[in-house]
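The values are calculated or read from the model by the stated rules, or taken from the named source; none is laboratory data. The shown structure was predicted, so the numbers you read here are calculated from the model rather than taken from an experiment. All Cβ positions, even for glycine, are placed from backbone atoms using ideal geometry, and neighbour counts span all protein chains on display.
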Amino acid sequence: MTTALLYLAGVVIFAVGVAVSIALHELGHLIPGKLYDVKITQYFIGFGRTIWSRRRGETEYGLKAVPLGGYVKLVGMLPPGPDQDPGQMPSRNTGMFAQLVSDARSQEYEAVDEADHDRLFYVQPWWKRVVIMGSGVAVNLVLAFLLFAVVFMGYGALAPTTTVATVSQCVKVVHIDEKPGPCTSADPLAPARKAGLRPGDHLVSFNGTTIDSYDQLQGLIRANEAGAATIVVDRNGHRRTLQTNTAINVLPSRSDVQRSVRAGFLGITPTVTLQRQDVGYVVTTMASGTWDTLKTIGTLPQKLYHVGRAALGLEKRSTDSPMSVVGAGRVAGQLASDHHNSIADRFFSLLLLLAGLNLFLGLINLVPLPPFDGGGIATTLYEAVRRGVARLLGRPDPGVVDAAKLLPVTYAMAVVILVVSVVLIYADIVAPVSLT
């Protein structure tokens with residue numbers, strides 16, 4: 001298969017994966033909504049013009065032209081106004097904000113009659129509403145975990161072994177933010193070179209401690225500082241005992257003195273092989289990925305600023321900058337057409353890309369602002385706390401929180417999301433992130 005076809009196949013696989021992820025997210029809202037007998041009139045994947053739909057019972061299922069999201073129409077997300085009974089159309093109001101709220105309520109209750117009152121979303125217990133809104137997020141997080149598990153437990157992850165790949169020629173003092181240059185006559189010989197270590201040697205023990213993993217070996221070397229080192233290796237089926245002294249390697253940072261590292265140094269790099277991992281590795285990967293994603297969300301304005309500068313040609317695009325679905329699709333194409341890796345490597349790399357996407361979708365939807373799911377969850381939890389406090393203090397029930405009052409925030413956030421999407425898509429076209 002040609003590079004172009006492989007590239008296209010990667011983009012298609014990724015696009016299908018995105019569509020499935022969106023569909024499953026919306027199913028996370030649909031299924032508990034149906035189980036709790038909430039009236040649901042629409043389940044759609046995409047936005048814009050409808051290209052296909054079919055009605056089953058009271059719910060219309062379909063696809064729209066722009067597959068960049070989806071929605072489930074849970075009737076009664078907005079409670080009726082103070083002068084409106086459930087099942088009745090609201091009165092018309094004057095003023096921009098009042099008219100906005102009035103129009104939203106009109107659309108909300110156009111398919112509602114008196115028999116639907118107990119099936120409206122806002123009358124459900126608070127915990128049911130949280131389950132319905134939070135299940136979409138849960139689906140994305142579970143899907144991310146399952147994809148990570150398929151890749152790491154079923155296929156494997158690259159991990160260092162206790163077999164030597166290369167032996168350093170010298171001990172080179174460099175800064176953390178610099179790459180080491182070539183060895184010179186002024187640089188001392190590396191301890192591994194002095195000991196006679198060779199590529200292919202399998203390290204058996206270090207100072208009498210049996211070596212089970214490279215991480216263990218690395219810890220022993222660092223803790224040894226400039227001490228004597230007795231190393232037992234297996235070389236072509238024969239054990240050899242080698243003697244040397246590890247060197248103290250200090251890696252100072254030009255910009256941050258506290259980042260300086262003082263540790264023992266031997267001067268080897270390990271052979272890296274594909275190794276199947278256990279569930280603990282998957283959990284650790286999810287945890288670290290979650291933390292990294294939260295940091296990315298927290299620094300998104302700053303990162304978007306640099307993406308904008310890169311789009312204008314004022315700086316180079318960072319490889320860890322946020323991307324639109326267009327940019328992620330290009331990365332998928334590059335992964336699929338990389339002839340340096342096997343077909344299996346490319347396929348599971350695409351699964352990792354989809355796992356990361358689902359992790360991001362799950363976490364970004366927890367942002368406590370509408371139109372994200374987290375906005376509805378936060379509002380519902382606030383309502384539950386407010387009503388609970390009122391009961392404890394013997395005060396009248398304050399009632400439901402009127403989500404219609406948050407519509408200006410919803411529309412403002414929608415504009416922000418649109419602007420961010422346009423900036424990212426433009427940057428992904430003129431200054432794309434490249435794996436090369």
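Just one of (1) buried (at least 17 other Cβ atoms within 10 Å of the Cβ); (2) within 16 Å of the chain's Cα centre (by Cα) fails for Val367. It is (1).
If I ask for residues that are of a type in the set (A, V, I, L, M) and under 14 Å from Val130 (Cβ atoms), which ones from region 363-395 would you list? Leu366, Ile377, Ala378, Leu381, Ala384, Val385 - these are the residues of region 363-395 that are of a type in the set (A, V, I, L, M) and under 14 Å from Val130 (Cβ atoms).
Among the candidates Leu369, Leu352, Leu357, the residue that is in the same structural domain as Val419 (by TED's automatic domain parsing), assigned to a helix (DSSP H, G or I) and closer than 21 Å to His29 by Cα is uniquely Leu357.
Looking across region 291-326, the residues that are in contact (Cβ under 8 Å) with a residue 12 or more places away in the chain, under 11 Å from the mean Cα position of the chain (by Cα) and surrounded by fewer than 16 Cβ atoms within 10 Å (Cβ to Cβ) come down to Leu294, Ile297. Just to be sure, is Glu114 in the same structural domain as Arg262 (by TED's automatic domain parsing), more than 24 Å from Gly375 (Cβ to Cβ), modelled with pLDDT under 90 and loosely packed, with under 14 Cβ neighbours inside 10 Å? When the stated conditions are applied, Glu114 does not pass them. Hey, can you tell me all the residues within region 24-51 that are surrounded by fewer than 19 Cβ atoms within 10 Å (Cβ to Cβ), touching a residue at least 40 places away in the same chain (Cβ under 8 Å) and more than 14 Å from Ser135 (Cβ to Cβ)? Asp37, Thr41 - these are the residues of region 24-51 that are surrounded by fewer than 19 Cβ atoms within 10 Å (Cβ to Cβ), touching a residue at least 40 places away in the same chain (Cβ under 8 Å) and more than 14 Å from Ser135 (Cβ to Cβ). Quick check: anything in region 337-358 in contact (Cβ under 8 Å) with a residue 24 or more places away in the chain and of a type in the set (Ser, Thr, Tyr)? Yes: one or more hits.
Under 23 Å from Ala111 (Cβ atoms), β-branched (Val, Ile, Thr) and modelled with pLDDT of 95 or more: is that true of Ile45 in this structure? No, not satisfied. Residues that are among the aliphatic types (A, V, I, L, M) and touching a Lys or Arg at 6+ places or on another chain (Cβ under 8 Å) within region 7-49 comprise Val11, Val38, Ile40, Ile45, listed in sequence order. Under the condition of being among the small types (Gly, Ala, Ser) and over 19 Å from Phe360 (Cα atoms), the residues counted in region 9-50 number 4.
Note on region 154-169: among residues that are under 11 Å from Ile268 (Cα atoms) and surrounded by fewer than 18 Cβ atoms within 10 Å (Cβ to Cβ), the one that is modelled with the lowest pLDDT is Gln169.
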